[in-house]
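Report on the structure given below.
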Amino acid sequence: MNIAILSRNKSLYSTKRLVEAAEARGHTVRVLDHLKCFMDITSDKPSLHYKDEEFDPNHFDAVIPRIGASVTFYGTAVVRQFEMMNVYCVNESVAISRSRDKLRSLQLLSRRGVGIPATAFAHSPDDIHGLIREVGGAPCVIKLLEGTQGIGVVLAETRKAAESVIQAFMGLKTNILVQEFIKEAGGADIRCFVVGGKVIAAMQRQAPEGEFRSNIHRGGSAKLVRITPAERRTAVNAAKVMGLNVCGVDLLRSERGPLVMEVNSSPGLQGIEKATNKDVAGLIIDFIEKNAHPSNIKTRGKG
Ligand code: ADP
């Protein structure tokens, strides 16, 4: 097969591993920086240009999008162009956009009965007390809607602190989520790596002493974990609701069962392969080999 990986950087661990796994299985791989792609959307024959090359619709059999959060808008437009050219994309543009919007994802997950922490959403609330009460009072977690890697996630221990943080964010005219604090998770979360409706690897990330955020970028450490059947079901359901074939589902272990925090459409491979010793890249390519066919394109960019 001819496979394109949309990635801004060839030397990233995840990109390198996907190239390696595909080549080991005899496929030809191109890494395309999606920001350097340009598209002709007006012609009746959609095409895609990359630097000084033009790819016709039959050139690639499959696309693996690895779109960073900061370039979602343009990156998903490139993925959509491939879909319009009838090229199979392992994660489709609509599903990527859906999962990138934290509020939209949580609304969809909750509508389909997937467990999430009690969450309230606000832009400029008049009733800050009501908002805090809605999620069970303090302590509570306040999140910037656009944050990643744990930046913009604040634990407010008291109601007074929560009010001050909410007011400060409101002053910045930004969208926030106020969320029930899942204390019993003990600063740990579980990343389930889902490929084709199956959890193929799972790791537990633990925050360092004195920190509640378990992000590796915030000093967290990762180790292999055995997940329960309920956790497996929740992760698979969350991936299905988002419409993602490859994703990382982040869960918190709560007294009332697994709660989904986030579904990531470009999950990193380094942490999970190291913690679990699994060939995650190889399993992604195996899935693509079985499924890369235009008849498996679900949305072609439509809602
Ligand atoms: P980001 O997308 O920036 O990583 P998250 O929403 O995943 O932000 O939060 C970062 C970390 O903070 C999580 O990995 C988890 O350890 C912790 N955390 C987030 N929300 C909660 C919550 N409601 N209760 C307890 N811990 C939380």
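Some observations on this one:
- Against the test of being under 17 Å from the mean Cα position of the chain (by Cα) and at pLDDT 95 or above, the options Arg66, Arg100, Arg104, Arg17 yield a single qualifying residue, Arg66.
One line per residue, one yes/no per condition, for (1) away from the ligand (no atom under 16 Å from the Cβ); (2) farther than 28 Å from Ser93 by Cα; (3) out of contact with any Asp or Glu (no Cβ under 7 Å at 6 or more places or on another chain):
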site	(1), (2), (3)
Phe212	no, yes, yes
Ser221	no, yes, yes
Ala230	yes, yes, yes
Val236	yes, no, yes
Gly282	yes, no, yes
Lys298	yes, no, no
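- Glu92, sole failed condition from (1) touching a Lys or Arg at 6+ places or on another chain (Cβ under 7 Å); (2) within 29 Å of Arg253 (Cβ to Cβ): (2)
- Flag if Lys278 is surrounded by fewer than 16 Cβ atoms within 10 Å (Cβ to Cβ) and in contact (Cβ under 8 Å) with a residue 12 or more places away in the chain: no
- Within segment 224-282, the set of residues being part of a strand (DSSP E or B), under 30 Å from Ser11 (Cβ atoms) and among the hydrophobic types (A, V, I, L, M, F, W, C) comprises Leu224, Val246, Cys247, Val249, Met261, Val263.
- With respect to the conditions (1) in contact with a helix residue (DSSP H, G or I) (Cβ under 7 Å, 6 or more places away or on another chain); (2) surrounded by 15 or more Cβ atoms within 10 Å (Cβ to Cβ); (3) modelled with pLDDT of 95 or more, Leu177 falls short on a single one, namely (3).
- Within segment 15-44, being under 17 Å from Ala62 (Cα atoms) and of a type in the set (Ser, Thr, Tyr) holds for Thr15, Thr28.
The values are calculated or read from the model by the stated rules, or taken from the named source; none is laboratory data. As the structure is a computational prediction, the values presented were derived from the model and not from experiment. Methodologically, a virtual Cβ is constructed for each residue, glycine included, from the backbone with ideal geometry; neighbour enumeration extends over all protein chains shown.
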